[in-house]
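Below you'll find the structure, written out as structure tokens, and then a few comments.
The values are calculated or read from the model by the stated rules, or taken from the named source; none is laboratory data. No experiment lies behind these values; they were computed from the predicted model shown. Here the Cβ is made from the backbone with ideal geometry for all residues, glycine too, and neighbour counts use every protein chain on show. Keep in mind that these areas ignore ligands, DNA and RNA; they rest on the heavy atoms of the full protein, side chains included. Shrake-Rupley method; radii C 1.70, N 1.55, O 1.52, S 1.80 Å.
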Amino acid sequence: MAAVLRDAYGLTVSSDSRAAVDGYDRGVRALLGFGADTVTEFESAVAADPEFALARAGLAVSRYLNEELPEGRAEMDRAVVAAKAPGLSARERRHVDALALWVGGRGNDAIPLIREILAEHPRDMMLIQRLYYIHFWQGRSAEMLELTESMRGALEGDSYVLGLHAFSLEENRRYAEALPLAERAVGMNAKDAWAVHAIAHVLYETGENDRGAEALPPRIHPCDHLGYFRNHLLWHLALMHLAEGRYDRAAALFRSVFGRISIQVGADLQDSVSLAWRLDLFEHGDPARWRHLGAAARSWLELPLLLFHDLHVGMALAAAGDWANADLQLERLRARGKKSRNPTLGEVVVPLLEGLHAFVRGEHDDAVARIAPIESRILEVGGSHAQREVFHDTLLAAALRGGDVARSRGLLERRLAKRPHPGRYWESRA
């Protein structure tokens, strides 16, 4: 009788190939660590055992995250077929079902199923990570924290869980708890990029920008396995330089990280647009940045992704002066918003993007009129506090430039009180 194989987290798997299970484990670790080789590792698992349903589901998720949407869905269809084989455990079938819902664009429908599975199998790291990011891209930081709190007991010695939990604490503004936990995770695993990311967030949100600018590069260096996520960590470094008024350093990071690459990954577009927009807000703009980013953004006109991403596509098109495509994208979002089950699209994303368009046109009063009523709901577009800050700062800049004295005074006072060392530019406006 063949021995029952288990994955790296001790869960039994329905494959009799040690090579396939090892490849699957490497794929899961690559997903958790934002490795550039995630697809390759899952492919090695499938090659060793083509009937290994969990490996096929992992490959589908990886392709989907790489924005290879048709390929990801096709691979998930094969995973679903493989999951119907006799002898597969109920856990594995439900695991594949949950990931199939997510790949099929039904993340909210996947939530209750993932929770049921994790209640019985709290060491299923693939599902923990998926649920975590469903919450993250809906701005639901309380649910992120609830998830990581509930999983810690089963995975206390795992750096990836500690890093996930540290970031959850940070997004819930529990900085004193988040930083030592993130440092502990990095001490356990220097390649845990999400834990490094949590450190960057804490130091930025607590105003320790000089400490962060010094601490971040040596923590990024060991993460030589990263793909696009390395650029995101460097984006955080740029935010710290911006906050301290080192605009030339931030602009140099834009050029070295984003200005010399063909932007083909959604995260790179989001980070580059956000950084260029902030440099504009702080009166250090450069039209060449927008020519580069506008051309990149056009490639996503036919590929709408997360609402957060759609906003950055619209920002890039408008700032590049490509109003034909900027207006086309906005009209498509309005049409989608009328049909969508997600009220955030029509009620938050559309007026927010209208306001961002108005800001680019110099219609500051109109920008305020559109953004201010929905400002409290901006968290629904997803992302982190640091990522969403660009929208709040645009509202503040519009109020200042439009001469709305009472509103701009209130917004500026709030911005200055947000954290120690809130930013040289905003301090100068005071």
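Against the condition part of a helix (DSSP H, G or I), touching a residue at least 24 places away in the same chain (Cβ under 8 Å) and surrounded by fewer than 21 Cβ atoms within 10 Å (Cβ to Cβ), how does GLY153 come out, does it pass? For GLY153, the condition - part of a helix (DSSP H, G or I), touching a residue at least 24 places away in the same chain (Cβ under 8 Å) and surrounded by fewer than 21 Cβ atoms within 10 Å (Cβ to Cβ) - is met. Residues that are open to solvent by less than 20 Å² (accessible area, probe 1.4 Å) and within 24 Å of LEU305 (Cα to Cα) number at least 1 in the following helices (runs of 4 or more DSSP H) confined to segment 325-419: 350-361, 364-371, 385-402.
Of the residues making up segment 175-190, just one is open to solvent by 80 Å² or more (accessible area, probe 1.4 Å) and closer than 18 Å to ALA30 by Cα, namely MET188. One residue stands out in segment 313-324 among those that are open to solvent by less than 10 Å² (accessible area, probe 1.4 Å) and of a type in the set (A, V, I, L, M, F, W, C): the one that is nearest to the chain's Cα centre (by Cα), namely VAL313. Between a first residue in segment 38-53 that is more than 13 Å from MET126 (Cβ to Cβ) and a second residue that is not in a helix (DSSP H, G or I), which pairs have beta carbons less than 6 Å apart while being 6 or more apart in sequence or on different chains? Close Cβ pairs (under 6 Å, with a partner that is not in a helix (DSSP H, G or I)) amount to ALA48/SER17; ASP49/SER15; ASP49/SER17; PHE52/SER15. The number of residues in segment 191-227 being of a type in the set (Phe, Trp, Tyr) and closer than 18 Å to PHE136 by Cα comes to 1. Taking the stated definitions as given, is ARG78 farther than 28 Å from ALA182 by Cβ and either touching a helix residue (DSSP H, G or I) at 6+ places or on another chain (Cβ under 9 Å) or modelled with pLDDT of 95 or more (or both)? Against the criterion (farther than 28 Å from ALA182 by Cβ and either touching a helix residue (DSSP H, G or I) at 6+ places or on another chain (Cβ under 9 Å) or modelled with pLDDT of 95 or more (or both)), ARG78 qualifies. HIS197 fulfils the conditions (1) of a type outside the set (A, V, I, L, M); (2) touching a helix residue (DSSP H, G or I) at 6+ places or on another chain (Cβ under 6 Å); (3) touching a residue at least 12 places away in the same chain (Cβ under 8 Å) except for a single criterion, (2).
Of all residues in segment 361-415, those satisfying the criterion of being in contact with a Ser or Thr (Cβ under 6 Å, 6 or more places away or on another chain), within 25 Å of ALA320 (Cβ to Cβ) and not small (Gly, Ala, Ser) are VAL390, LEU400.
In segment 166-191, the residues that are touching a residue at least 24 places away in the same chain (Cβ under 8 Å) form Cβ pairs under 7 Å with partners that are of a type in the set (D, E, K, R) and open to solvent by less than 10 Å² (accessible area, probe 1.4 Å), at six or more places apart or across chains, as follows: GLU170/GLU205; TYR175/GLU205; ALA178/GLU170; ALA185/ASP192; VAL186/ASP192. Take the conditions (1) farther than 21 Å from GLN129 by Cα; (2) modelled with pLDDT under 95; PRO50 misses just one of them, which is (2). Pairing residues of segment 403-427 that are hydrophobic (A, V, I, L, M, F, W, C) with residues that are open to solvent by 80 Å² or more (accessible area, probe 1.4 Å), at Cβ distances under 7 Å and at least 6 apart in sequence or on separate chains, gives LEU412/ARG429; LEU412/ALA430; LEU416/ALA430. Within segment 280-312, no residue satisfies the criterion of being assigned to a helix (DSSP H, G or I), touching a residue at least 40 places away in the same chain (Cβ under 8 Å) and open to solvent by 50 Å² or more (accessible area, probe 1.4 Å).
So is SER272 out of contact with any Ser or Thr (no Cβ under 6 Å at 6 or more places or on another chain), under 26 Å from ALA213 (Cβ atoms) and either touching a residue at least 12 places away in the same chain (Cβ under 8 Å) or among the polar types (S, T, N, Q) (or both) or not? Criteria met by SER272.
Would you say PHE254 is farther than 19 Å from ARG424 by Cβ, buried (at least 19 other Cβ atoms within 10 Å of the Cβ) and among the hydrophobic types (A, V, I, L, M, F, W, C)? So PHE254 fails the test.
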